[in-house]
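K.L.:
Below you will find the structure I want to go over with you.
The values are calculated or read from the model by the stated rules, or taken from the named source; none is laboratory data. Since the model is a prediction, treat every value here as computed from it, not as a measurement. Backbone-built Cβ (ideal geometry, glycine too); neighbour counts: all protein chains shown. The accessibility values were calculated without ligands, DNA or RNA, using every heavy atom of the protein model including side chains. Shrake-Rupley method; radii C 1.70, N 1.55, O 1.52, S 1.80 Å.
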Amino acid sequence: MKPSEAQQILSRLYTDQVYRKAFLAGKEAFYQEQQISDPETIGYLNALKPEQLEFFAKGLYAKKYHEVMRQMPGTAHLLKNRMGELFRDFSKEPRSYGVHKHHEEALAFMDFIRREEPVSARIRAVLKFEEVLLRNFINPTTWRICYLSYDAPAFLRSLHAGEKPMLQKKCLLIVFRKGKIVRMF
Amino acid sequence: MNKQLHKIPFLGNGIGFRPELKSFIFLNKDKIDFVEIIADHYIDVPDAKLRELELLMENFTVIPHAINLSLGTVGGPDMGYVRKLGALIQKIKPPYWSEHIAYTQAHGYDIGHLAPIVYSEEFLRILQKNIAMVQAEIPCPLILENITYHIELPGKDMEDADFLNSICELTACGLLLDITNLFINSRNLKFDPYEFIDRLNPDHIVQLHYVGFEGDDSQLIDTHARATQQEIFDLMAHVFKRRVPKGTLLERDERYELLEEISADLMRSKDLLKTYNA
């Protein structure tokens with residue numbers, strides 16, 4: 001089996017939950033479904049230890065989730081356990097990112113939440129603010145404006161400070177210059 | 001040790017720079033001789049982040065540590081990324097830089113973290129070719145780090161230590177020996193870490209990484225979140241008996257609030273350096 005083929009199958013087994021589950025559920029059915037008939041490839045895949053594959057893949061998933069949570073702590077705080085459920089659904093589809101993979105994955109996840117979850121106005125406000133912060137990091141345009149209906153900046157400040165976070169209804173217009181807040185009305 | 005690596009100055013006691021540890025690092029300059037930055041955190045970033053880097057460069061020797069080069073990808077590294085990395089290294093002008101013996105992407109799949117390659121003659125050639133491509137673009141000395149792996153891949157035909165020796169010889173790279181990764185692998189995969197160290201060519205060892213591990217008897221993991229255990233310092237001392245590295249580095253990524261713990265780890269490493277470097 002060519003190393004590139006092995007690497008391709010392994011990468012998919014590590015990152016594609018559906019593919020991995022099918023492999024672990026029954027190898028014969030998996031080979032049939034994936035049209036894998038080369039004896040060398042089958043021998044290679046048979047030599048993988050299922051418990052090690054599962055442990056490694058779960059570890060990768062946990063690290064990704066942890067990194068994404070770090071990029072959107074406010075949204076994670078408000079969504080509570082639902083955050084994990086949503087991330088599980090989001091992760092079913094493997095994706096590819098650039099240099100700022102954790103930031104980019106968090107942005108893709110934010111898009112996913114907006115599409116898939118009917119969140120309240122307060123969660124939407126925090127999500128929007130955290131998204132703007134991430135976009136400012138990846139692509140700090142000269143000017144960026146963000147309108148919020150809740151005081152998400154104060155909410156995040158209290159969260160970072162370890163205080164009891166309060167999210168007050170308040171209309172805010174925030175002006176960023178090169179990624180930094182310069183005015184807040 | 002090859003000429004290029006031999007020229008690397010002694011760096012001493014270091015810590016991985018994380019923004020959460022910024023104040024601690026600047027307040028503990030007596031314990032910290034150099035810092036390692038995650039290179040990817042300073043590529044394509046806002047000016048404020050580059051100013052942070054400049055401040056670090058004014059106060060410490062800065063070693064760039066790359067995490068996304070994917071040296072083990074069969075198809076070769078992303079040369080666009082290599083050029084960006086090269087520009088950063090050119091800006092910093094460090095005595096060396098580091099990356100992992102691993103791959104993070106292949107065939108459009110972004111694994112998201114470091115995945116192991118097969119320790120085989122075939123992968124030795126793949127890695128050698130990829131490293132040559134990178135070295136042609138980035139002339140600064142490169143040192144390679146061993147990773148933890150929880151999955152044993154079919155096709156392995158070399159012992160881990162032999163693979164590390166060979167890749168360093170073939171590429172003139174140094175070794176960034178992660179003591180915690182070595183210890184974790186030794187427990188999970190049942191081998192003797194002392195024998196592993198004895199099997200390594202000490203001439204290749206340029207730097208050490210260390211931090212505490214977590215887990216139980218069934219599986220240890222590298223969370224970079226715990227105080228360094230005695231077993232790790234014992235292994236470090238064993239390396240020191242064979243070769244005092246150019247630098248040791250605490251790689252802490254979580255629970256930054258436990259500053260006493262972090263400080264104690266740095267002091268123990270500093271003591272080791274003092275004892276064996278005297």
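K.L.:
Given contacts defined as C-alpha pairs under 8 Å and at least six residues apart, what's the relative contact order of region B:3-277, whole-number percent?
P.N.:
Here the relative contact order equals 19 percent.
K.L.:
Moving on to the next point. Where in region B:72-104 does the label zone of B:Lys156 land, with the point 7 angstrom along Cα→C-beta and an amide N cut-off under 20 Å?
P.N.:
B:72-74, B:100-104
K.L.:
Ranked from the most accessible area to the least, with a 1.4 Å probe and all protein chains present, what is the order of A:Tyr65, B:Tyr256?
P.N.:
A:Tyr65, B:Tyr256
K.L.:
Extending each Cα 7 Å along its Cβ direction at A:Ala25 and B:Asp44, get the distance between those two points in nm, one decimal.
P.N.:
Roughly 3.7 nm, to one decimal.
K.L.:
Okay, next question. List the trypsin sites (Lys or Arg not before Pro) in region A:2-111 that DSSP assigns to loop (not H, G, I, E or B) and whose Cβ has at most 13 other Cβ atoms within 10 Å. Which are they?
P.N.:
Listed in order of number, the matching sites are A:Lys80, A:Lys92.
K.L.:
With every protein chain present, what is the per residue accessible area of the protein assembly as shown (1.4 Å probe, Å²)?
P.N.:
On the way: 20460 Å² over 463 residues.
I get 44 Å² per residue for this part.
K.L.:
Could you work out the longest stretch of chain B that avoids the trypsin sites (Lys or Arg not before Pro) located in DSSP loops with at most 11 other Cβ atoms within 10 Å?
P.N.:
B:30-189
K.L.:
Oh, and also: When the accessible area of region B:3-277 is split by element with a 1.4 Å probe, what percent falls to carbon and sulfur?
P.N.:
50
K.L.:
Also: Count, for each residue of B:215-226, the Cβ atoms from other chains sitting within 10 Å of its Cβ, then give me the mean as a whole number.
P.N.:
That average works out to 1.
K.L.:
What does DSSP give for chain B in terms of the percent of beta bridges that are antiparallel, rounded to the nearest 5? Don't jump to the answer; show the numbers that get you there.
P.N.:
Values: 5 of 33 bridges.
Around 15 percent of the beta bridges assigned by DSSP in chain B are antiparallel ones.
K.L.:
Between chains A and B, what is the buried accessible area summed over both chains (1.4 Å probe, protein heavy atoms, nearest 100 Å²)?
P.N.:
Approximately 3400 Å², summed over both chains.
K.L.:
Right, here's the next one. A drop of at least 10 square angstrom in accessible area, chain alone versus all protein chains together, probe 1.4 Å. Which residues of region B:59-89 meet that?
P.N.:
Residues of region B:59-89 that lose at least 10 Å² of accessible area once the other chains are added: B:Asn68, B:Val74, B:Tyr81.
K.L.:
If you don't mind, there's one more thing I want to ask. With contacts defined as alpha carbon pairs under 8 Å and 6 or more residues apart, what's the relative contact order of region A:1-83 in percent?
P.N.:
29
K.L.:
With a cap of 15 neighbouring Cβ atoms within 10 Å, and only residues DSSP puts in a loop, list the GluC sites (Glu not before Pro) found in region B:178-232.
P.N.:
none
K.L.:
Counting DSSP beta bridges with both partners in the protein assembly as shown, what percentage is antiparallel, nearest 5?
P.N.:
Of all bridge pairs located within the protein assembly as shown, approximately 35 percent are antiparallel.
K.L.:
Can you give the extra length, in nm with one decimal, that the chain gains between B:Ala136 and B:Tyr256 once fully stretched, where that is 0.36 nm per residue apart less the Cα-Cα distance?
P.N.:
My answer for the length gained is 39.4 nm.
K.L.:
I would also like to ask the following. Considering the zone a paramagnetic label at B:Glu195 would reach in this model (a point 7 Å from Cα along the Cα-to-Cβ line), which residues of region B:229-262 have amide N under 19 Å from it?
P.N.:
Correct set: B:235-236, B:238-239.
K.L.:
Next question, about the same structure. Within region A:1-48, what whole-number % of the accessible surface is contributed by carbon and sulfur, with the 1.4 Å probe and all protein chains included in the calculation?
P.N.:
That fraction is 48 percent.
K.L.:
Using a Förster radius of 35 Å, what is the FRET efficiency between B:Asp30 and A:Trp143 based on their Cβ-Cβ separation? Nearest 0.05, please. Please list the in-between numbers first.
P.N.:
Details: r = 43 Å, r/R0 = 1.24.
Given R0 = 35 Å and the Cβ-Cβ separation, E is 0.20.
K.L.:
Next question, about the same structure. Where does helix A:50-71 land angle-wise versus the long Cα axis of chain A, in degrees 0 to 90, nearest 10?
P.N.:
Roughly 10 degrees, rounded to the nearest 10.
K.L.:
For B:Tyr276 and B:Ala227 in one chain, what is 0.36 nm times their gap in residues minus the Cα-Cα distance, to one decimal in nm? Before the final figure, lay out the partial values.
P.N.:
Details: separation 49, 0.36 × 49 = 17.64 nm, distance 2.22 nm.
Gain on extension, B:Tyr276 to B:Ala227, equals 15.4 nm.
K.L.:
Hey, got the average number of other protein chain Cβ atoms within 10 angstrom for residues in A:93-102?
P.N.:
6
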